[in-house]
Amino acid sequence: MNTAAKTKGKKETRCCIDLGSSYFRMLSVDVEFGRDGTSVRNSFQERIYVGWGEEITASGSISRLTAGRAADVLERLSEEMVGRSDVRLTVVSTNALRRAANRDEVKTLLEKRTGVDVKVLSERGEAFLGFAGATLDLRAGEPAILADAGGTSTELSWGAAPAAAFFLSIPVGTHTVRASTGVNARHVSSRIARMLENAGIPSGDSPLPGTAESPTIMFTGGTAVSLAIVWKHMRVECYDSLRPVEMSAGELDLVGRRLTALFRSGRERMLLLSPERIRLLLPGLAIVQGTARALRAENFKITPRDLRWGVVLGDGITERGYLADEQEGSDSR
């Protein structure tokens with residue numbers, strides 16, 4: 001992506017609203033197209049907690065009350081952009097809605113209430129768009145592995161920036177870990193390692209097939225970003241919501257010890273995070289630590305860029321198989 005300030009040409013506002021398992025998150029960017037490439041002028045982000053992933057984990061479906069609240073939130077996030085010719089608005093949902101038993105019913109309710117088209121992403125679409133967004137800061141062709149730790153699943157994708165070549169969706173998320181009896185990183189690590197054993201995914205100390213260098217390991221997702229924020233605060237540094245944070249496995253362990261001590265002493269409210277994010281920190285820590293160990297990653301990056309960036313800076317969701325109903329063998333109902 002070229003961000004040269006002198007780019008002149010067509011301008012457009014692009015917006016993506018991601019209906020995640022915990023938060024509905026909106027990203028709006030002003031883009032300008034010209035001979036020098038695509039330039040991002042402004043960006044605006046907003047998130048509102050819905051938390052339907054926890055309900056889906058417990059019951060397998062979304063209650064009428066929660067669906068109504070979700071429609072209220074989506075209406076609030078999209079109301080100023082619906083019907084505008086100068087805005088390309090894309091609303092996507094990921095694993096939480098994809099796996100809900102009453103997915104079609106809830107999707108219809110959201111669309112009728114808000115007047116927007118809700119696109120339910122397939123596992124492939126979620127993973128590939130996430131990879132495209134997360135690797136924006138890497139050089140073209142740089143090999144990378146991305147783990148997007150969500151509330152009801154973790155999507156792994158790998159390839160050469162900005163295009164993923166392979167993906168794997170594993171049913172381990174912050175809500176599922178929190179609902180179980182243990183948030184022990186070693187337990188989660190062994191579980192994730194078993195799932196990755198025959199997936200063909202490389203580790204952090206070996207190159208991807210056809211490349212001469214080891215891949216850059218990256219994490220994204222709400223709780224992964226929360227861990228990066230905690231680490232920055234521990235170092236008395238400002239967190240930049242547009243830049244990745246580099247960490248080592250040892251530094252992540254240090255964050256884990258700090259968080260464990262705070263929770264044991266009942267002082268977790270000292271953290272500069274919302275209550276909803278705080279209560280998912282330990283499950284998220286277990287997933288990130290477990291995945292890093294399974295990938296043998298000594299160093300990695302946590303990036304706030306995710307599938308929303310892949311949507312707004314891409315050509316839209318045009319690839320075959322990116323939607324749940326298109327993907328052969330998907331869990332569509």
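The values are calculated or read from the model by the stated rules, or taken from the named source; none is laboratory data. Computed from a predicted structure; not experimentally measured. Note that each Cβ is placed from the backbone with ideal geometry, even for glycine, and that neighbours are counted across all protein chains shown.
Could you say which residue among 133, 151, 173 is at pLDDT 95 or above and outside the structural domain of residue 57 (by TED's automatic domain parsing)? Spell out how you get there, then give the answer.
On the way: 151 fails: at pLDDT 95 or above; 173 fails: at pLDDT 95 or above.
None of the others qualify; the one that does is 133.
Do the conditions hold for residue 54, that is, is it among the charged types (D, E, K, R) and either in contact with a strand residue (DSSP E or B) (Cβ under 9 Å, 6 or more places away or on another chain) or modelled with pLDDT of 95 or more (or both)? Write out each step before concluding.
Values: among the charged types (D, E, K, R): yes; either in contact with a strand residue (DSSP E or B) (Cβ under 9 Å, 6 or more places away or on another chain) or modelled with pLDDT of 95 or more (or both): no.
No, not satisfied.
Check segment 89-97 and report whether any residue there is crowded, with 17+ Cβ neighbours inside 10 Å and either more than 18 Å from residue 317 (Cα to Cα) or outside the structural domain of residue 18 (by TED's automatic domain parsing) (or both). So far as segment 89-97 goes, yes, one or more of its residues are crowded, with 17+ Cβ neighbours inside 10 Å and either more than 18 Å from residue 317 (Cα to Cα) or outside the structural domain of residue 18 (by TED's automatic domain parsing) (or both). Picking from residues in segment 278-323 that are among the polar types (S, T, N, Q) and modelled with pLDDT of 90 or more, the one that is nearest to residue 26 (Cα to Cα) is 303.
Could you please find all residues in segment 8-49 being of a type in the set (S, T, N, Q) and exposed (fewer than 13 other Cβ atoms within 10 Å of the Cβ)? So that I can check it myself, show each step before the final result.
Our first condition is that a residue be of a type in the set (S, T, N, Q); within segment 8-49, this holds for 13, 21-22, 28, 38-39, 42-43, 45.
The one that is of a type in the set (S, T, N, Q) and exposed (fewer than 13 other Cβ atoms within 10 Å of the Cβ): 42.
Considering only residues in segment 212-255 that are part of a helix (DSSP H, G or I), free of Cβ contacts under 8 Å to residues at least 60 places away in the same chain and in contact with a Lys or Arg (Cβ under 8 Å, 6 or more places away or on another chain), the one that is surrounded by the fewest Cβ atoms within 10 Å (Cβ to Cβ) turns out to be 234. For residue 320, are the conditions met, namely being exposed (fewer than 14 other Cβ atoms within 10 Å of the Cβ) and basic (Lys, Arg)? Answer is yes for this residue. Within segment 256-296, the set of residues being within 20 Å of residue 145 (Cα to Cα) and part of a helix (DSSP H, G or I) comprises 284, 285, 286, 287, 288, 289, 290, 291, 292, 293, 294. Kindly evaluate residue 70 against the criterion of being touching a residue at least 40 places away in the same chain (Cβ under 8 Å), outside the structural domain of residue 156 (by TED's automatic domain parsing) and either within 23 Å of the chain's Cα centre (by Cα) or assigned to a loop (DSSP other than H, G, I, E, B) (or both). Judged against the criteria, residue 70 is a match.
The residue pairs whose first member lies in segment 184-196 and is closer than 22 Å to residue 157 by Cβ and modelled with pLDDT of 80 or more, whose second member is of a type in the set (Val, Ile, Thr) and part of a helix (DSSP H, G or I), and whose beta carbons are closer than 6 Å, counting only pairs six or more residues apart or on different chains, are 192/291. Keeping to segment 135-151, report how many residues are among the acidic types (Asp, Glu) and either within 14 Å of the chain's Cα centre (by Cα) or farther than 18 Å from residue 225 by Cα (or both). Matching residues across segment 135-151 total 2. How many residues are loosely packed, with under 13 Cβ neighbours inside 10 Å and closer than 13 Å to residue 20 by Cβ if we restrict to segment 50-76? Within segment 50-76, residues that are loosely packed, with under 13 Cβ neighbours inside 10 Å and closer than 13 Å to residue 20 by Cβ number 0.
Table: residues versus (1) in contact with a His (Cβ under 6 Å, 6 or more places away or on another chain); (2) in contact (Cβ under 8 Å) with a residue 12 or more places away in the chain; (3) under 22 Å from residue 275 (Cβ atoms).
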position: 28; (1), (2), (3): no, yes, no
position: 45; (1), (2), (3): no, yes, yes
position: 52; (1), (2), (3): no, yes, yes
position: 56; (1), (2), (3): no, yes, yes
position: 59; (1), (2), (3): no, no, no
position: 94; (1), (2), (3): no, yes, no
position: 103; (1), (2), (3): no, yes, no
